[in-house]
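Participant: This is the structure, below, for whatever I ask next.
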Amino acid sequence: MNSQNVKSQETPVTTNTQFMRKITSSLGQLNSGALPVLLGLVLIAVIFQIANSNFLTPLNLTNLMVQISAVGTISVGVVLVLLIGEIDLSIGAVSGLCAGIMAVLSVKQGLPASLAILTGILSGTAIGLLQGFWIAKLKVPSFVVSLAGLLGWQGALLYVLGSTGTVNLNDPLIIGIANSELPLALGWLVGLLFIGGYALSLFNERRKRLKAKLPVQPPFNLIGRIILVAIGALVAIGIMSVNRNPGRDVVIQGVPSAVVIFIGFIVLFDFIIRRTRFGRSVFAVGGNVEAARRAGINVDRIRISVFILGSTLAAIGGILAGSRLYAVNQSSGSGDVLLNAIAAAVIGGTSLFGGRGSVWSALLGALVIGSIANGMDLLALSAYIKFMVTGAVLLIAVTLDAYSRSRREAAGRA
């Protein structure tokens with residue numbers, strides 16, 4: 001009787017333990033790298049909302065998303081570069097130079113806006129090709145090449161702008177890149193298509209893994225991820241769809257075009273990195289260059305391609321920034337642009353050591369940095385506090401990354 005009583009008392013405990021382990025495992029499979037960042041975002045929102053009740057208003061949250069769109073787009077390129085274990089310190093200067101080229105061609109030379117925009121983007125592509133070739137073929141470390149680029153392209157911006165120093169943008173097409181809104185119906189349609197595409201990609205991946213007899217996640221996990229993404233997307237669209245100009249004649253509502261462009265690049269490059277042969281090669285090069293070379297991957301081609309994409313995205317980010325501010329000047333691409341773009345990628349979960357990360361880290365990290373900056377602006381705190389807090393957050397993120405890497409090395413999983 002005593003042994004039966006002991007057994008009856010132990011069974012619920014064992015069952016509860018197994019249940020908790022299953023829940024913990026499921027949460028870990030959702031996205032262990034993103035979970036701390038999401039919790040950090042919730043904590044940041046709570047703190048600043050308590051300090052200033054305007055933080056979580058639709059107007060401020062929408063402005064926050066528009067503010068991070070330019071740097072976030074640049075950060076997408078940073079993620080690609082970090083995934084191959086390299087660094088690009090020139091992205092800020094490249095963004096400013098390419099925006100300057102677009103502005104001068106449009107305003108001073110009278111070129112059509114579409115042609116000026118295309119030339120600015122292709123200028124970034126050419127810069128990425130030059131720097132990537134220098135790194136891959138001449139074997140000069142990316143730190144040195146991009147540091148030289150940081151200095152050189154800043155000088156080129158000053159030359160392009162000339163004595164005026166500032167070029168005010170006036171073409172409706174250029175200004176509308178970052179300052180227009182999607183119609184309400186179109187915004188909701190884009191959101192629903194995004195959710196549907198995300199769900200389809202998850203189940204399609206599961207089907208392929210089952211066909212290949214590979215381990216798959218339980219349906220509960222997939223459905224949970226879809227629900228979380230759907231809630232996040234619909235809430236975001238709902239916030240942006242509210243009239244952000246109440247009590248006035250002009251109604252301002254709808255998803256800003258800058259946000260659509262930013263999220264569009266994240267979705268595109270997430271697909272490229274996770275679903276294509278090129279993406280697998282990027283992770284292979286970042287994980288182990290020699291192993292990738294022995295597997296038949298053209299390492300030099302991958303490096304050059306990644307630097308081309310990084311500089312192209314920097315150019316697009318610079319054009320977004322110029323469009324939002326209605327001007328390009330000598331300080332475009334300077335200041336904290338480089339710091340924030342790299343910090344966003346790292347804070348979002350992309351490893352500085354290469355081979356591990358996600359394009360979505362550009363969004364998560366940019367939200368963290370943008371929320372901190374936005375909240376401190378609402379509190380009218382000094383700029384030095386903003387830099388110190390951002391630097392501390394970056395240091396913590398890198399420390400966690402290094403600690404995680406050391407744990408993997410100790411377990412033989414690096």
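FYI, it's all coordinate maths here, none of it is from the lab. Quick caveat, the model's predicted, so the values are computed rather than measured. Cβ: placed from backbone, ideal geometry, glycine included. Neighbour counts: every protein chain shown.
Participant: Taking a ≥ b ≥ c as the square roots of the eigenvalues of the Cα gyration tensor of the range 161-271, is the shape rounded (a/c under 1.5), prolate (a/b larger than b/c) or oblate?
Facilitator: Here the range 161-271 falls in the oblate category.
Participant: Something else: Summing +1 for each Lys or Arg and -1 for each Asp or Glu, what net charge is found among the other residues whose Cβ lies under 13 Å from the Cβ of Val144?
Facilitator: On the way: positive: Lys139; negative: Glu86, Asp88.
Every neighbour counted, the sum reads -1.
Participant: Relative to the longest principal Cα axis of the chain, at what angle does helix 219-241 sit, 0 to 90 degrees, rounded to 10?
Facilitator: Approximately 40 degrees, to the nearest ten.
Participant: Highest first, please rank the peptides 364-376, 263-275, 73-85 by the mean number of other Cβ atoms sitting within 10 Å of their residues.
Facilitator: Working: 364-376: 23.6, 263-275: 16.9, 73-85: 28.5.
The peptides rank, most packed first, as 73-85, 364-376, 263-275.
Participant: Same structure again: Can you tell which of Thr276, Thr312, Thr390 shows the greatest fluctuation in a Gaussian network model of the chain with Cα springs below 10 Å?
Facilitator: Largest GNM mean-square fluctuation: Thr276.
Participant: A further question on this structure: Cα axis of helix 184-211 to longest principal axis of the chain: angle in degrees, 0 to 90, nearest 10?
Facilitator: Helix 184-211 sits roughly 50 degrees off the main axis of the chain.
Participant: Restrict the search to the range 173-253; then list the trypsin sites (Lys or Arg not before Pro) that DSSP places in a loop and that have at most 12 other Cβ atoms within 10 Å of their Cβ. Don't skip to the answer; put the middle values down first.
Facilitator: Values: sites: Arg206, Arg207, Lys208, Arg209, Lys211, Lys213, Arg225, Arg244, Arg248; in loops: Lys213, Arg244, Arg248.
Of the trypsin sites (Lys or Arg not before Pro), the ones in loops of the range 173-253 whose Cβ has at most 12 other Cβ atoms within 10 Å are Lys213, Arg248.
Participant: Which one, Leu151, Leu122, Leu61, has the greatest fluctuation when you compute a Gaussian network model over the chain with C-alpha springs under 10 angstrom?
Facilitator: Highest fluctuation of the listed residues: Leu151.
Participant: For the range 87-165, state which trypsin sites (Lys or Arg not before Pro) are in a DSSP loop and have at most 13 other beta carbons lying within 10 Å of their beta carbon. Don't skip to the answer; put the middle values down first.
Facilitator: Values: sites: Lys108, Lys137, Lys139; in loops: Lys137, Lys139.
Hits after loop and neighbour filter: Lys137, Lys139.
Participant: In the neighborhood of Gln217, defined by Cβ-to-Cβ distances under 10 Å, what is the net charge if each Lys or Arg adds +1 and each Asp or Glu adds -1?
Facilitator: Details: positive: Arg206, Arg209, Arg225; negative: Glu205.
Charge balance near Gln217 sits at +2.
Participant: Here's something else I'd like to know. With Cβ to Cβ distances under 15 Å as the rule, what net charge do the other residues near Met376 carry (K, R +1; D, E -1)? Provide the component values of the computation, followed by the final result.
Facilitator: On the way: positive: Lys386; negative: Asp336, Asp377.
It works out to a net charge of -1.
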